[in-house]
Amino acid sequence: MAHDYELLMIPGPTNLPEEVREALARPQISHRVSAFKGLVGRISEGLQALFMTSQPVLTLTSSSTGAMEAAIVNLLSPGDSVVCVDTGKFGNRLGKIAQIYGAEVHNLVVERGRSVSEAELGEACAILRPRAVLMVQNETSTGACQDVAALAEIARSYGALSVVDAVSSLGGYPLQMDAWGLDAVISGSQKTLMLPPGLGFVAFSERAWAAAAESKMPKFYFDLAKARASLEKGGETPYTPNTSLFVALEVVLDLIWQEGLEQRWERHHRLALATRAAVQALGLSLFAAPDALSDTITSVTSPVPSGELTKRIRERHGIIIAGGQDELKDKIFRIGHLGTCQLEQVVQTVQATATELIEMGHSCDPAAGVKAAQEAF
Ligand code: PLP
């Protein structure tokens, strides 16, 4: 069946609100006029409220990986010892970036689906005395989240900077950069923030800016001191930004304040409860550990090859869910319930998943799944 519109239930990119699509269709504007500079100033203030920080939040025209790279090359120097909390594809990526730029990276490999324990991180820091600890708040590849407030405190107690990837969590999960003492927070546009891909965000604590002044890793496009100076000069960016996404970002920030940030966290949590209850009512098991269940992505151990399952759901129902990545390929599937998502979309996804699971030989009751979702929500 051909579908002219597909429902995105993947962990990003996510479905766009009507207001964002309208903003993206507006005529192009120059990035060197005062109207645009005013917009950059307003966006910057909105992002500070979202990150819960008094520090500047820099908006980069790059995907989130660019923001990860920017954080690392601005904080570190070749030869620095770094602990990478390797929870999956994205935790591992932070370590890979640091290694390519010459850091001495020690991967603390965490069983997939789990978060690192405070004791494990404390032990690694005591032995390695790292300059920084790299971690992901919500490991998209496994659907496991971590208590980054507690982990950052451990890093700090050993004199290490905390670098937190909040790419698939910021705006859907509580994150309080200043109150939790996080030194670098990274995010991106295409997940809970309901924009297309193409913007990365980075904020540094005061301690991190002091470290940045000493950093010797090479950088040009991602030189954050330059980006900060341009921003503070009056809403400028050093290079041509993606103006359309900046315009749409202001719309998104308005939508977030209209809903309320805490209400938004609450909605994501209830959607997660609904999705978890539904898949369990279909006789399936959650992949992530009970103490690490994500509020934006539910990962499920698949009773059938998940590549075939996701293909059927897409082709027959016009709904896209994600399979597993790397070593989890075909073993799990992941339902993203973030951004604009409402209960109705979770219900549609549960129905489609149950229908295709039955076709593939896993017996289950679609109505039980839907009922469980509605009750848990
Ligand atoms: N970090 C996390 C947790 C992610 O989920 C992703 C993308 O899925 C990234 C980083 C990389 O983002 P991008 O593909 O925008 O570079």
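Just a few scattered comments:
- Scanning segment 106-142 for residues that are β-branched (Val, Ile, Thr) and under 17 Å from the mean Cα position of the chain (by Cα), we see that the one that is farthest from ARG334 (Cα to Cα) is VAL136.
- Of all residues in segment 22-43, those being charged (D, E, K, R), surrounded by fewer than 13 Cβ atoms within 10 Å (Cβ to Cβ) and part of a helix (DSSP H, G or I) number 1.
- All of (1) aliphatic (A, V, I, L, M); (2) touching a residue at least 60 places away in the same chain (Cβ under 8 Å); (3) in contact with a His (Cβ under 7 Å, 6 or more places away or on another chain) hold for LEU128 with one exception: (2).
- Those residues of segment 223-241 which are surrounded by fewer than 21 Cβ atoms within 10 Å (Cβ to Cβ), within 24 Å of the chain's Cα centre (by Cα) and not in a helix (DSSP H, G or I), in sequence order: ASP223, PRO241
- One residue alone among GLY46, GLY66, GLY12 is farther than 19 Å from VAL163 by Cβ, within 16 Å of the ligand (Cβ to nearest atom) and surrounded by 15 or more Cβ atoms within 10 Å (Cβ to Cβ), and that residue is GLY12.
- Selection from segment 154-163 of residues that are under 21 Å from ASN92 (Cα atoms) and either without any contact (Cβ under 8 Å) to a residue 24 or more places away in the chain or assigned to a loop (DSSP other than H, G, I, E, B) (or both): ALA160
- Failed condition for LYS311, given (1) touching a residue at least 12 places away in the same chain (Cβ under 8 Å); (2) basic (Lys, Arg); (3) surrounded by fewer than 23 Cβ atoms within 10 Å (Cβ to Cβ): (1)
- Annotation for segment 100-111: no member residue is among the polar types (S, T, N, Q) and either in contact (Cβ under 8 Å) with a residue 40 or more places away in the chain or within 15 Å of the ligand (Cβ to nearest atom) (or both).
- Looking only at segment 69-99, residues that are within 16 Å of the ligand (Cβ to nearest atom), surrounded by fewer than 24 Cβ atoms within 10 Å (Cβ to Cβ) and of a type in the set (D, E, K, R) come to 3 in all.
- Scanning segment 169-200 for residues that are within 16 Å of the ligand (Cβ to nearest atom) and aromatic (Phe, Trp, Tyr) turns up just one, TYR173.
- Candidate set from segment 126-153 (those that are surrounded by 22 or more Cβ atoms within 10 Å (Cβ to Cβ) and assigned to a helix (DSSP H, G or I)); member that is nearest to the ligand (Cβ to nearest atom): VAL148
- Contact map, segment 48-68: residues that are closer than 11 Å to VAL202 by Cα paired with residues that are within 8 Å of the ligand (Cβ to nearest atom) and assigned to a loop (DSSP other than H, G, I, E, B), Cβ distance under 7 Å, separation 6+ or inter-chain. Pairs shown: SER64/VAL167.
- Residue list for segment 167-217, restricted to those being basic (Lys, Arg) and assigned to a loop (DSSP other than H, G, I, E, B): LYS191, LYS216
- Hits in segment 314-330 - residues which are buried (at least 20 other Cβ atoms within 10 Å of the Cβ) and more than 24 Å from the chain's Cα centre (by Cα): HIS317
- Given (1) closer than 20 Å to SER54 by Cβ; (2) touching a residue at least 40 places away in the same chain (Cβ under 8 Å); (3) within 12 Å of the ligand (Cβ to nearest atom), number of the condition ALA166 does not satisfy: (2)
No value in this document is a laboratory result; all are computed from the given coordinates. Being a predicted model, the structure only gives us computed values, none of them experimental. In this analysis, Cβ positions are derived from the backbone assuming ideal geometry, glycine residues included, and neighbour counts consider all displayed protein chains.
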